1. State, to one decimal in nm, how far the label point of TRP30 lies from the label point of ARG56, with both points 7 Å from Cα in the Cβ direction.
2. What does the C-alpha gyration tensor say about the overall shape of region 38-84? Classify as rounded when a/c is under 1.5, otherwise prolate if a/b is larger than b/c, or oblate.
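A short reminder: the numbers here are calculations on the coordinates, not readings from a lab. Worth saying up front: this structure is predicted, and the values here are computed from it rather than measured. Here the Cβ positions follow ideal geometry from the backbone for every residue, glycine too, while neighbour counts run over all protein chains shown.
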Amino acid sequence: MAESMTAQSVGGRSAGGWHKPELDLSDADWQSSSKGAGDVEIAFVEGFIAMRNGSRPESPSLIFAPDEWRRFVLGASGGEFDLT
């Protein structure tokens, strides 16, 4: 069964204001951040970045365009998502 995901859309457009493609993630080469439970996994597919919960790979994946991914990584590196 092919796994395909699209970003959640509002009024036919994604939250980012553009249509995200339906990607076939069934053969994606998922890369884990570490060896622990609950890992975040990413895969590079058709010029986009997919991210999923490694402990629940059947759950929906987030799809990022390269510019969105760059902003996300910079924000995370800068502490934007820290709980302090």
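1. 1.3
2. Values: a/c = 2.87, a/b = 1.19, b/c = 2.42.
Taking the square roots of the gyration eigenvalues as a ≥ b ≥ c, region 38-84 is oblate.
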